[in-house]
Amino acid sequence: MKQALTITKLKKMKQNGEPISMLTAYDYPSAKLAEEAEIDIILVGDSLGNVVLGYDTTIPVTLDDMVYHTRSVARGARSTFIVADLPFMTYRLGKETTLRNAGRLLQEGYAHAVKLEGGADIADEVSALVRAGIPVMGHIGLTPQSVHQLGGYKVQGKLEKEAQQLIDDAKALEAAGAFAIVLELVTEPLAEAISSALSIPTIGIGAGRGCDGQVLVYHDILQYASPYYEKRFVKTYADLGTTIRDAIGAYVSDVKTRAFPSQAHAFPMEQEVLRKLYGGGQDAEPSAASQKQKQKQQDNDASAAAAPVKGGSPL
């Protein structure tokens with residue numbers, strides 16, 4: 001069994017130029033499969049609101065949702081480093097609240113670290129978490145919890161002022177003790193500049209080739225959705241949506257045509273048990289079906305006896 005990564009090992013991966021792989025997962029089977037594929041980090045993202053719970057944004061996701069799904073993931077990936085998102089309005093409300101909520105993700109969800117969206121504005125809370133022994137992954141660029149403030153899902157860092165702010169945010173998070181930072185939907189040159197400026201790893205999603213690692217959403221790389229909307233920054237590796245839909249359709253067809261279940265899917269019974277069930281044994285209680293069959297036979301016998309006999313003499 002492999003050893004789970006630590007934040008120390010992750011920093012060494014950056015130093016050695018070894019790319020870091022990260023993928024989201026939200027339940028036991030997906031986490032187990034990701035671990036078997038030797039993913040470096042599993043992120044239990046609040047993106048579960050979009051791809052699992054059916055919300056339009058991540059904003060409705062609660063801390064209880066995150067604890068529940070993180071605990072499921074932890075059972076499936078016991079040897080993988082697990083990061084869990086702090087959802088909307090579970091931080092930025094004061095250090096004590098942030099500490100309490102992050103603590104639940106570690107104590108009840110069995111996460112190894114938490115992820116927060118924001119930069120210099122949350123540096124004090126990040127620092128408080130780190131001092132309390134809670135590893136923190138930062139997240140800047142497009143921050144989905146602020147989608148309404150940002151005006152939609154747009155690429156960040158195109159303008160000089162925005163780019164400088166993201167650089168400052170990244171440095172503030174590093175200074176506060178974050179062990180890594182996610183860069184989401186950031187221009188490639190800016191993401192590369194930030195990665196070069198930091199001693200901690202950057203994990204890109206839609207941030208190009210210059211980051212120290214990459215993260216994508218489980219349902220995106222597998223097209224596990226209906227309908228599936230293509231995204232420029234995503235590479236898909238399978239089309240599970242079509243496979244699952246076709247498989248369920250084939251099952252429905254088999255049920256409707258009685259092709260399923262067949263004899264191969266049924267369980268036989270001992271002949272002696274069958275004999276007793278259907279009235280063959282002395283102690284067996286005759287079933288309604290057997291009584292009906294017996295009555296039918298008696299009626300047939302009576303009809304035969306009443307009919308005139310042709311071609312013979314009576315005894």
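Laboratory data are not the source of any read-out in this text; all were calculated from the coordinates shown. Keep in mind it's a predicted model, so treat the numbers as computed, not measured. Using ideal geometry, Cβ is built from the backbone for each residue, glycine included, and neighbour counts are taken over all protein chains shown.
Restricting attention to the range 7-235, close to 5% of DSSP beta bridges with both partner residues there are antiparallel. Each residue, GLU270 and THR57, gets one label point 7 Å from its Cα in the Cβ direction; the gap between the two is 6.6 nm. From least to most packed, judged by other beta carbons within 10 angstrom and beginning with the fewest, LEU63, LEU5, LEU159 follow the order LEU159, LEU5, LEU63. What's the longest bit of the chain with no exposed chymotrypsin sites (Phe, Trp or Tyr not before Pro), using DSSP loop states and at most 11 other Cβ atoms within 10 Å as the test? Longest run free of exposed loop sites: 1-228. Residues in the range 103-118 carry Karplus couplings, in order, of x, 5, 5, 7, 6, 9, x, 6, 6, 9, 7, 10, 10, 10, 8, x Hz; the curve used is 6.51 cos²θ - 1.76 cosθ + 1.60 with θ = phi - 60°, and Gly or Pro positions show x. Once the Cα-Cα distance is subtracted from the 0.36 nm per residue extended length, the LEU33 to THR8 segment shows a gain of 6.5 nm. Relative to one another, the C-alpha centroids of the range 14-72 and the range 224-259 are positioned 22 Å apart.
Angle of helix 63-76 to the longest C-alpha principal axis of the chain, folded into 0 to 90 degrees and rounded to 10: 70°. Each 20 Å bin from zero holds the following percent of Cα-Cα pairs in the chain: 27, 40, 12, 11, 7, 2, 0.
Which one, TYR68, GLY210, ALA175, projects farthest toward the positive side of the charge dipole computed for the chain from Cβ point charges (K/R +1, D/E -1)? So the residue we want is TYR68. Taken along the Cα-to-beta-carbon direction at a fixed 7 Å, the label points for VAL252 and THR236 span 2.0 nm.
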